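A short worksheet on the structure shown next.
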Amino acid sequence: MLPVWLNNPGMLLIIAGCVIPLLPYRLRMLVLLGAPAVSLFWLWQIPLGTTTQMTLLEYTLTPLRVDGLAFTFGVIFNVAAFLSGLFMWHTHSRLEPAAALIYAGSALGAVLAGDLITLFMFWEVTAIASALLLVIRGLRDAMIVARRYLLVQFGSGLFLMGGAAIHIHATGELAFNHIGIDAPGSWLILFAFGIKAAFPLLHNWLQDAYPSASATGTVVLSAFTTKMAIYALARGYAGTDLLIPIGAVMTIFPIIYAILANDLRRVLSYSLNVQLGFMVVAIGIGTELAINGAAAHAVTHILYKALLFMAMGAVLRQTGHVRATELGGLARQMPWTAAFCVIGAASISAFPLMAGFVSKSLILAAVAHEHLAGTWVTLTAASAGALLYVGIKVPYFAFFAPNDQIECERPPHNMQIAMGLTAAACILLGLAPGLLYSILPYPVDYNPYTASHVVSQLQLLAFAALAFWLAWRAGLYPLPKRAVHLDTDWVYRMLLPRFGHVAERFYRASIAKLGGGVTQLSAAGMARLRLRYDARGVMSRTWSTGWMVLWVAVLLVVYLTLYY
Amino acid sequence: MLFERNPRKYRRPSSRARQRWARLLYLACALTLVPSLFIHPHSEFGFAEIPAFHALLAFLTGCALVLVAIVVRRILIRAENYYEHRT
């Protein structure tokens with residue numbers, strides 16, 4: 001019988017991740033793929049509604065709670081860990097598979113956590129393990145980015161800890177259930193979740209960090225942190241109206257950056273932000289249909305975004321480039337990768353028969369059901385925009401744009417198999433949405449394949465493509481440039497350091513002035529003291545008895561005069 | 001690494017091929033409009049039941065996004081090494 005704290009599929013992955021660096025290559029790879037498979041099987045065996053409890057100090061913790069919501073995210077986290085493990089099969093690094101497994105395990109542990117303390121502990125482990133994935137690349141820039149990333153992630157953990165402490169102290173309730181914004185400490189917890197879910201203005205850690213990881217590391221990073229936050233929001237803040245406008249803004253403003261970005265992994269990071277917006281809106285609505293939509297979109301989004309990051313990872317590994325200005329013409333050299341990338345792009349653009357279509361439809365149906373016209377138009381427009389900024393842009397600039405300067409070999413077999421499996425999953429879930437709907441938190445009574453819906457979606461895609469083509473032909477489409485486009489990271493990369501420099505200069509100047517003043521004052525004081533008290537000073541002289549008697553007589557006269 | 005052009009692995013897209021793709025796109029757009037003459041869209045919103053509403057929304061969104069991106073680029077663009085030695 002396992003101890004309660006170990007009786008958790010997430011802990012299995014974490015322990016496997018700790019052991020993996022000590023193993024020889026073949027065994028290492030076996031564990032890398034075997035651990036998520038066993039963890040998935042284990043999770044599948046646990047009946048819904050199961051909880052385990054243990055006592056730590058005076059607190060009763062719930063390290064395992066499997067219900068519908070946790071199950072959906074648990075399943076896709078294991079699948080993502082398996083696929084990303086397969087994608088990094090060729091690597092001889094000992095640390096990268098270890099960090100990937102620990103990261104996946106801690107995200108899974110957070111999803112299965114039934115109380116705020118356990119959630120916080122796994123929350124922090126994900127931060128450390130994911131930062132390791134950035135550090136492993138060993139590049140100077142990646143190290144700097146990892147430092148910034150870790151600061152933001154620890155910041156999120158700090159807010160979670162503060163909010164949880166206030167919440168537990170005020171309510172005496174440890175369980176991680178619905179919190180809402182009126183509960184004590186809830187704003188801090190929401191802020192913590194918002195950082196990891198990349199809310200507007202809190203989002204830029206994502207686009208800063210993900211493009212800096214290794215070709216394989218980005219695939220792992222894209223799957224867990226943000227979706228763990230989405231799960232946490234769905235658990236704690238379902239039905240919070242505030243999330244609807246936040247999510248709607250998230251679906252629009254990153255599109256502009258994605259259109260402008262040159263680094264194709266940065267384009268994908270911005271598009272990840274957009275897709276998170278869809279989920280946040282659904283959580284804000286909070287009905288069963290909407291939560292199903294958020295969970296379904298998290299599942300499909302993990303798959304197609306991993307596929308796109310895999311394709312870009314393969315391009316980066318084989319060519320050394322991932323910026324649109326340096327790529328193009330790879331379709332004949334990497335035909336399978338190009339095909340998989342197109343499938344991922346079709347899926348994110350919500351083409352009918354693709355995974356994105358069946359999950360995005362659920363969210364739009366939930367929004368329409370609540371008669372939120374403005375939000376519905378925003379999300380539908382964002383859905384059309386997806387074709388512009390990623391559906392066409394990423395495959396075109398990587399594989400089909402004119403460029404005869406790059407020659408490369410096909411990526412390793414394991415990368416192609418991982419991409420093939422992920423692409424197959426995208427198509428399978430699109431063709432048979434029942435498979436996806438069967439693992440969602442609530443029963444689903446929804447058919448995405450109605451004639452009117454399919455026609456509307458095809459119109460949306462065709463005319464978005466037409467707008468792209470006409471803008472392109474007119475020379476209006478903003479082509480990728482070797483440049484930086486300022487985002488909110490400017491605040492902590494430029495503004496705050498500048499403030500810091502100014503403050504430092506001011507401090508130094510003040511110290512110099514103040515110090516000089518004090519020194520001058522003390523020097524003058526000492527000179528005066530020396531004048532009176534040093535060996536030849538007035539007060540140190542040896543007076544003759546006659547002078548002393550005279551002065552005493554003078555003092556006596558003055559005293560008597562004053563007295564009378 | 002830069003290589004000489006390799007005609008076996010790379011073929012520059014011809015203008016004729018580009019025209020063919022463009023025509024295919026126009027045809028696809030037209031084809032998606034045809035069913036909306038026969039299929040009445042079911043929506044919670046009255047405006048979404050206007051025929052070709054989705055086509056119009058997508059086209060306007062595409063145009064608006066491109067125009068906004070042009071303006072935003074002018075404001076936010078900086079040199080590639082803007083952050084170097086500052087972080």
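What the table shows:
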item: Single condition A:L268 does not satisfy, out of (1) over 20 Å from A:G344 (Cα atoms); (2) in contact with a helix residue (DSSP H, G or I) (Cβ under 6 Å, 6 or more places away or on another chain); result: (1)
item: Residues being open to solvent by less than 20 Å² (accessible area, probe 1.4 Å) and away from chain B (no Cβ under 11 Å) - total across region A:313-345; result: 11
item: Subset of region A:250-274 (residues that are away from chain B (no Cβ under 14 Å), more than 27 Å from A:L116 (Cβ to Cβ) and either of a type in the set (S, T, N, Q) or open to solvent by 10 Å² or more (accessible area, probe 1.4 Å) (or both)); result: A:S269
item: Index of the failed condition, A:Y449 passing every other in (1) touching a residue at least 24 places away in the same chain (Cβ under 8 Å); (2) at the interface with another protein chain (Cβ under 9 Å from one of its Cβ atoms); result: (2)
item: Evaluation of B:A22 against (1) under 29 Å from A:L372 (Cβ atoms); (2) part of a helix (DSSP H, G or I); (3) open to solvent by less than 70 Å² (accessible area, probe 1.4 Å) (one fails), failing number; result: (1)
item: Residue that is away from every other protein chain (no Cβ under 14 Å), assigned to a helix (DSSP H, G or I) and farther than 25 Å from A:H178 by Cβ, where the choices are A:L303, A:L353, A:L362; result: A:L303
item: Single residue of region A:171-186 satisfying the filter (under 23 Å from A:D241 (Cβ atoms) and of a type in the set (A, V, I, L, M)) that is surrounded by the most Cβ atoms within 10 Å (Cβ to Cβ); result: A:I179
item: Only listed residue being touching a residue at least 24 places away in the same chain (Cβ under 8 Å) and out of contact with any Phe, Trp or Tyr (no Cβ under 7 Å at 6 or more places or on another chain), chosen from A:Q333, A:Q416; result: A:Q333
item: Considering residues of region A:468-511 that are facing chain B (nearest Cβ under 8 Å) and in contact with a Ser or Thr (Cβ under 6 Å, 6 or more places away or on another chain) only, the residue least open to solvent (accessible area, probe 1.4 Å); result: A:R493
item: Sole exception among (1) open to solvent by 80 Å² or more (accessible area, probe 1.4 Å); (2) over 16 Å from the mean Cα position of the chain (by Cα); (3) under 25 Å from A:W472 (Cβ atoms) for B:I50, by number; result: (3)
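Residue-by-condition table, conditions (1) open to solvent by less than 80 Å² (accessible area, probe 1.4 Å); (2) assigned to a helix (DSSP H, G or I):
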site: A:G10; (1), (2): yes, yes
site: A:L13; (1), (2): yes, yes
site: A:P47; (1), (2): no, no
site: A:M54; (1), (2): yes, no
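The values are calculated or read from the model by the stated rules, or taken from the named source; none is laboratory data. Just so it is clear, the structure is predicted and the values come from calculations on it, not from any experiment. Every residue, glycine among them, receives a Cβ derived from its backbone with ideal geometry; neighbour counts consider all protein chains shown. The protein model used for the area step is the full one, side chains on, heavy atoms only, and it has no ligands, DNA or RNA in it. Shrake-Rupley method; radii C 1.70, N 1.55, O 1.52, S 1.80 Å.
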